[in-house]
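Colleague: Just passing along the structure, written as structure tokens.
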Amino acid sequence: MNCQELISYLSDYIDQDLDEELHTEAQQHLATCHNCHIVLDTTLRTILLYREANRGGIPQERRGRLFDRLQQSLASRPDCP
Ligand SMILES: [Zn+2]
């Protein structure tokens, strides 16, 4: 799994919606890739903040935009393998 794949699965990974196999691959990637680990950490923090502020969690539309932005910033980062 590469970084872009990881980010595209990140939403499902956080929701624990991935196949067992993909979940393992994502975990392996996160264990070895510092960049993605930071992205995951930032995303989890953002979602947690939303949960605390809104109780019901992050609205789907807002969440979609958040992940779009993550993907864009990752795609434009030259040091990402
Ligand atoms: Zn990565």
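The values are calculated or read from the model by the stated rules, or taken from the named source; none is laboratory data. Note that this is a predicted model, so its numbers are computed, not measured. Using ideal geometry, Cβ is built from the backbone for each residue, glycine included, and neighbour counts are taken over all protein chains shown. The protein model used for the area step is the full one, side chains on, heavy atoms only, and it has no ligands, DNA or RNA in it. Shrake-Rupley method; radii C 1.70, N 1.55, O 1.52, S 1.80 Å.
Colleague: Which number do you get for Rg(Cα) / (2.2 N^0.38 Å) in segment 1-42?
Modeller: After normalising by residue count via 2.2 N^0.38 Å, the value is 0.99.
Colleague: Taking the dipole about the Cα centre of the chain, with the C-beta of Lys and Arg at +1 and of Asp and Glu at -1, give me whichever of Val39, His23, Tyr13 is farthest to the positive side.
Modeller: Val39
Colleague: Using the Cα centre as the reference, give the magnitude of the dipole from point charges on the C-beta atoms of the chain (Lys, Arg: +1; Asp, Glu: -1; all else neutral), rounded to the nearest 20 debye.
Modeller: 580 debye
Colleague: Sticking with this one: Does anyone have the angle between helix 60-75 and the longest principal axis of the chain? Alpha-carbon axes, 0 to 90°, nearest 10?
Modeller: 30 degrees
Colleague: Averaged per residue, what accessible surface does segment 1-44 expose to a 1.4 Å probe, in Å²?
Modeller: Counting only protein heavy atoms, the per-residue value for segment 1-44 is 60 Å².
Colleague: Would you mind checking the tilt of helix 34-54 against the longest principal axis of the Cα atoms of the chain, expressed as 0 to 90 degrees and rounded to 10?
Modeller: Helix 34-54 sits at roughly 10 degrees to that axis.
Colleague: Sticking with this structure for a sec: Assuming R0 = 22 Å, can you tell me the calculated FRET efficiency for the pair Glu21 and Gln71, based on Cβ-Cβ distance, to the nearest 0.05?
Modeller: FRET efficiency, Glu21 to Gln71: 0.50.
Colleague: Rounded to the nearest percent, how much of the accessible area of the chain (1.4 Å probe, protein heavy atoms only) is carbon and sulfur?
Modeller: 46 percent
Colleague: Based on DSSP H runs of at least 4 residues, each adding -39500 (n - 2.57), what is the mean residue ellipticity at 222 nm of the chain after dividing by all its residues, to the nearest 500 deg cm²/dmol?
Modeller: -25500 deg cm²/dmol
Colleague: Same structure, new question: Only sites in a loop by DSSP and with at most 15 other Cβ atoms within 10 Å count here; which trypsin sites (Lys or Arg not before Pro) in segment 1-61 make the cut?
Modeller: Arg55
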